[in-house]
Amino acid sequence: MSILLVGLSHRSAPLEVRERHAVATSECGAVAEKLVQSSEIDEALVLSTCNRTELIASVRDSDLGAARLREFLLHEIGDGTLEPGQYYERVDGAAVEHVFRVAGSLDSMVLGEAQILGQVKQAYAAAARAQSVGPVLHRLLQRAFRCAKRMRTETGLGDASVSVARVGVQLAGELFESLAEKHVLLLGAGAMAESALHGLRDAGATSLVVVNRSRERARALAAQLGGRAAPLATLHDEVARSDVTLASAQVVEPLVRRRSLEPLLRQRHGRPLLIIDLGLPRNVESALAEVETLYLYDLDDLEAAARRGADARRTAIAPAERIVAQERRTFERWQSGLSAAEVLRDLVARGREIARTEAQRFAPPDAESEGERALERATQAAVAKLLHPALERVREEAEEGTGPYYSLALRELFRIGERPGSRPAGGEADLASRVSGIPRAEPVAGSRGGAAEPGAGKDGEDRED
Amino acid sequence: MTPWTHHGAALLYLLAAVIGGRKAATRPASRSFEWLLCGGVALHAIAFVRFHRLDPPISLESTAAALSVIGWLVASTFLLSLRFAKTLAVGRFVAASAFGFTAAASIGLHLRSSVALPGPAGAWPHAHVLLAAAGFAALAVASLAGLGYLVKERLLKARRRAAPELPSLESLDRLGVFALSLGFPLLTLGVFSGFVWALGAGGSLWTRHVVMSLVAWGVYCVPVGARLLRGQGGPRLARSLVVGFAVLAVCYLGTRALELVS
């Protein structure tokens with residue numbers, strides 16, 4: 001049993017390629033359902049966001065499974081134009097690690113962003129509804145959610161803001177418990193201020209006033225954003241009434257003056273006022289920063305905060321990677337236990353079958369049924385005793401984490417899971433490569449070759465096409 | 001002999017302060033912190049019941065017992081305030097204060113060095129101690145909120161770094177106002193019941209203790225008046241909460257220290 005991941009992301013493919021291979025969120029469940037209808041795929045999940053499309057599957061034969069996933073991504077989702085190097089494949093531990101890194105946003109375009117975890121959860125929910133996930137992927141995704149949560153709580157990854165607009169929203173959170181009943185004033189109509197305004201509205205701000213030199217422009221923007229327009233002449237009154245002011249007007253000299261605003265602020269009786277000046281030249285007189293209860297931030301302050309946020313997130317990478325490694329080991333221990341249990345069950349069944357067949361074959365034709373049963377019991381006991389040390393050893397090794405090698409050796413030696421007379425795929429070379437961890441000299445065309453992605457696994461399984 | 005539950009409560013407050021100080025931002029740590037503080041408050045309440053069952057019982061009118069009541073009320077008031085404001089981040093300071101008061105009370109009860117208050121025992125002494133201690137505890141929480149507000153305000157004004165480990169200014173302001181509106185009436189009732197007690201005891205009304213209590217009460221009239229008349233909040237209110245509690249603490253502890261010495 002293997003876990004496979006085939007996909008493309010912002011790291012491997014440009015936007016136009018990702019667009020051609022995107023799966024609509026509403027279709028992810030159906031696509032996963034279609035995947036598990038293939039005989040090679042036991043469980044499947046499809047993750048598709050604006051930055052990635054990935055097929056994650058649990059399969060019995062990794063080569064056949066990988067070929068099927070590759071074909072599905074290239075020809076059934078895409079139009080067959082995907083070039084080698086624009087997609088990647090991950091097998092077992094590397095696939096597990098990749099899923100954990102994606103869920104924890106270590107593989108995201110903006111490190112530490114929170115959206116991806118919600119998207120992974122959505123993909124899992126869609127696959128669960130389509131009944132395309134089973135015990136393996138269920139366990140994998142539960143561990144991924146746990147891993148992402150640990151990364152956020154234990155490393156602070158995602159705490160700090162890295163965009164100027166987001167820093168503005170975070171600052172508002174430093175002043176106010178909730179933005180639900182707060183008044184927001186938008187002065188001018190710069191793109192950055194609008195972006196910050198959308199952030200504030202997402203955080204709950206509902207009362208919005210737009211002030212602009214052009215009354216028509218102010219009215220249009222207010223109507224678009226669901227607020228009201230106010231004339232420039234009332235600017236200082238509106239600033240004094242607001243809780244958060246976003247300023248980004250094109251000006252030659254500051255519009256908001258200390259002399260005009262300070263007397264009006266006395267009526268606030270200590271209620272804090274946040275002014276975010278995103279204009280260049282500045283819209284707000286810098287002397288206002290000295291006024292008590294007024295918190296003035298300009299572009300330099302916000303950019304410095306965004307830089308500090310980016311630095312803080314970068315320092316969280318190393319501890320986050322350690323969490324990924326820990327969670328990967330935990331998952332692999334569970335997985336090896338699972339595969340060892342499968343091998344043991346199959347081996348015992350094979351032993352019993354052989355004992356029964358041989359007992360029937362060697363029983364004298366005229367023997368009574370009691371004698372035949374005794375012979376079968378004796379043969380069963382001999383087989384059980386013969387297998388016992390091997391079974392015990394596999395059980396012990398499964399707990400130590402080296403179980404997969406023993407499980408694989410038993411599968412190959414006793415030809416478990418094969419149809420009678422068939423040869424195992426890859427034979428001795430395949431076994432040697434898997435046990436040693438060294439890849440086969442001649443991989444199947446289009447699979448598992450090429451350079452490893454930065455920050456990916458170190459065990460030789462982590463390769464991109 | 002101090003009940004072990006009292007020491008246990010002090011230990012739980014200490015653990016809450018340590019855990020709250022280490023990782024106040026993480027949810028599991030916050031939950032552990034709340035449970036430890038709740039456990040401390042519950043154990044502390046059991047200790048009060050055991051005070052009365054001891055032979056001889058520990059009177060609540062003694063200084064050590066009053067300190068213990070203050071510690072218990074600081075923790076309880078804070079737990080109650082969590083329902084109104086998201087201020088878990090100041091919890092570590094609250095837990096540390098509760099530990100300080102309870103540990104001091106444990107030592108005082110162990111040494112039996114506290115000075116019994118003058119006059120006959122009865123309802124007024126009990127009412128005075130409980131009301132004054134409750135007011136003291138609530139005002140201690142208010143001053144912690146005020147201190148948090150001033151620290152956060154300074155960091156935000158400096159524009160050098162945000163202070164996400166502290167609650168928002170609005171939360172701290174709300175906590176301060178909540179604790180002040182709880183603490184000031186209790187302190188007023190405490191001062192009033194103290195007067196009645198002193199009158200009943202037949203001693204002089206203008207003792208050091210009474211005068212200092214009136215001074216502290218008068219200092220608190222300033223923020224209360226500003227809040228009631230003008231809705232004053234923000235840094236001015238925060239400053240008056242810190243100054244008010246400093247005066248109250250100096251008056252109360254100073255008077256007690258002088259009584260112990262003399």
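Side notes on the structure shown:
- Annotation note: of A:GLU181, A:GLU216, the sole residue that is farther than 21 Å from A:ALA305 by Cβ and in contact (Cβ under 8 Å) with a residue 24 or more places away in the chain is A:GLU181.
- Residue match in the stretch A:203-226 (condition: more than 25 Å from A:LEU264 (Cβ to Cβ), surrounded by fewer than 22 Cβ atoms within 10 Å (Cβ to Cβ) and under 30 Å from the mean Cα position of the chain (by Cα)): yes
- Comparison of A:ALA325, A:ALA320, A:ALA349 shows that the only residue that is more than 14 Å from chain B (Cβ to nearest Cβ), in contact with a Leu (Cβ under 6 Å, 6 or more places away or on another chain) and modelled with pLDDT of 80 or more is A:ALA320.
For every residue, the table says whether it meets (1) under 12 Å from A:GLY7 (Cβ atoms); (2) in contact (Cβ under 8 Å) with a residue 40 or more places away in the chain; (3) in contact with a Leu (Cβ under 7 Å, 6 or more places away or on another chain).
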{"residue": "A:ALA67", "(1), (2), (3)": "no, yes, no"}
{"residue": "A:GLY80", "(1), (2), (3)": "no, no, yes"}
{"residue": "A:GLU83", "(1), (2), (3)": "no, no, no"}
{"residue": "A:VAL99", "(1), (2), (3)": "yes, yes, yes"}
{"residue": "A:LEU117", "(1), (2), (3)": "no, no, no"}
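- Put simply, of B:ALA216, B:ALA238 the only residue that is within 14 Å of chain A (Cβ to nearest Cβ), under 19 Å from the mean Cα position of the chain (by Cα) and crowded, with 18+ Cβ neighbours inside 10 Å is B:ALA238.
- B:PRO167 meets each of the listed conditions (1) at pLDDT below 85; (2) buried (at least 21 other Cβ atoms within 10 Å of the Cβ); (3) farther than 30 Å from A:ASP300 by Cβ apart from (3).
- Enumeration of residues in the stretch A:49-66 that are in contact with a Ser or Thr (Cβ under 7 Å, 6 or more places away or on another chain) and either buried (at least 24 other Cβ atoms within 10 Å of the Cβ) or more than 12 Å from A:VAL17 (Cα to Cα) (or both): A:VAL59, A:SER62, A:GLY65, A:ALA66
- Complete set of residues in the stretch A:2-38 that are touching a residue at least 60 places away in the same chain (Cβ under 8 Å), among the hydrophobic types (A, V, I, L, M, F, W, C) and not in a strand (DSSP E or B): A:ALA13, A:VAL17, A:CYS28, A:ALA30, A:ALA32, A:LEU35, A:VAL36
- Qualifying residue in the stretch A:84-93 (condition: closer than 21 Å to A:ILE317 by Cβ, small (Gly, Ala, Ser) and touching a Lys or Arg at 6+ places or on another chain (Cβ under 7 Å)): yes
- Comparison of B:VAL243, B:VAL191, B:VAL222, B:VAL211 shows that the only residue that is of a type in the set (Val, Ile, Thr) and either at pLDDT below 85 or in contact with a Cys (Cβ under 9 Å, 6 or more places away or on another chain) (or both) is B:VAL211.
- Within the stretch A:231-262, restricting attention to residues that are closer than 23 Å to A:HIS198 by Cα and without any contact (Cβ under 8 Å) to a residue 24 or more places away in the chain, the residue that is surrounded by the most Cβ atoms within 10 Å (Cβ to Cβ) is A:LEU232.
- Some residue of the stretch B:216-238 being among the hydrophobic types (A, V, I, L, M, F, W, C), more than 28 Å from A:THR293 (Cα to Cα) and part of a helix (DSSP H, G or I): no
The rows are residues; the columns are (1) within 14 Å of chain A (Cβ to nearest Cβ); (2) closer than 23 Å to B:PHE78 by Cβ; (3) without any contact (Cβ under 8 Å) to a residue 60 or more places away in the chain; (4) β-branched (Val, Ile, Thr).
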residue: B:LEU180; (1), (2), (3), (4): yes, yes, no, no
residue: B:PHE184; (1), (2), (3), (4): no, yes, yes, no
residue: B:PHE192; (1), (2), (3), (4): no, no, yes, no
residue: B:VAL196; (1), (2), (3), (4): no, no, no, yes
residue: B:TYR220; (1), (2), (3), (4): no, yes, no, no
residue: B:GLN232; (1), (2), (3), (4): yes, no, yes, no
residue: B:VAL242; (1), (2), (3), (4): no, yes, no, yes
residue: B:PHE245; (1), (2), (3), (4): no, yes, no, no
residue: B:VAL250; (1), (2), (3), (4): no, yes, yes, yes
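- Scope the stretch B:7-41; condition closer than 23 Å to B:GLY108 by Cα and either surrounded by fewer than 14 Cβ atoms within 10 Å (Cβ to Cβ) or at pLDDT below 70 (or both); matching residues: none
- Residue tally, condition touching a residue at least 40 places away in the same chain (Cβ under 8 Å), more than 20 Å from A:VAL31 (Cα to Cα) and either within 14 Å of another protein chain (Cβ to nearest Cβ) or surrounded by fewer than 22 Cβ atoms within 10 Å (Cβ to Cβ) (or both), over the stretch A:119-147: 4
- When B:ILE46 is tested against (1) modelled with pLDDT of 85 or more; (2) among the aliphatic types (A, V, I, L, M); (3) within 24 Å of B:SER193 (Cα to Cα), exactly one condition is not met: (3).
- Only one of A:GLY188, A:GLY112 that is more than 12 Å from chain B (Cβ to nearest Cβ), over 30 Å from A:VAL59 (Cβ atoms), in contact with a strand residue (DSSP E or B) (Cβ under 8 Å, 6 or more places away or on another chain) and buried (at least 23 other Cβ atoms within 10 Å of the Cβ): A:GLY188
- Of the numbered criteria (1) within 14 Å of another protein chain (Cβ to nearest Cβ); (2) assigned to a helix (DSSP H, G or I); (3) of a type outside the set (Gly, Ala, Ser); (4) surrounded by fewer than 22 Cβ atoms within 10 Å (Cβ to Cβ), the one A:ARG271 fails is (2).
- Test: residue in the stretch A:251-259 that is of a type in the set (A, V, I, L, M, F, W, C), assigned to a strand (DSSP E or B) and within 21 Å of A:TYR297 (Cβ to Cβ): yes
- Checklist (1) within 21 Å of B:SER168 (Cβ to Cβ); (2) surrounded by fewer than 21 Cβ atoms within 10 Å (Cβ to Cβ); (3) at pLDDT below 80 applied to A:GLU177, failing item: (3)
- A:GLU89 satisfies every condition listed in (1) touching a residue at least 60 places away in the same chain (Cβ under 8 Å); (2) under 19 Å from A:LEU117 (Cβ atoms) except (2).
- Within the stretch A:274-291, being buried (at least 22 other Cβ atoms within 10 Å of the Cβ) and in a loop (DSSP other than H, G, I, E, B) holds for A:LEU278, A:GLY279, A:ASN283.
- B:LEU205 being away from chain A (no Cβ under 14 Å), surrounded by fewer than 15 Cβ atoms within 10 Å (Cβ to Cβ) and outside any helix (DSSP H, G or I): yes
- Residue match in the stretch A:157-172 (condition: buried (at least 19 other Cβ atoms within 10 Å of the Cβ), out of contact with any Cys (no Cβ under 9 Å at 6 or more places or on another chain), within 14 Å of another protein chain (Cβ to nearest Cβ) and over 25 Å from A:ASP300 (Cβ atoms)): yes
- Considering only residues in the stretch A:304-317 that are away from every other protein chain (no Cβ under 13 Å), assigned to a helix (DSSP H, G or I) and not polar (S, T, N, Q), the one that is surrounded by the fewest Cβ atoms within 10 Å (Cβ to Cβ) turns out to be A:ARG314.
The values are calculated or read from the model by the stated rules, or taken from the named source; none is laboratory data. Please read all numbers here as calculations on a predicted model, not as lab measurements. With ideal geometry, Cβ positions are generated from the backbone for all residues, glycine too; neighbour counts draw on all protein chains shown.
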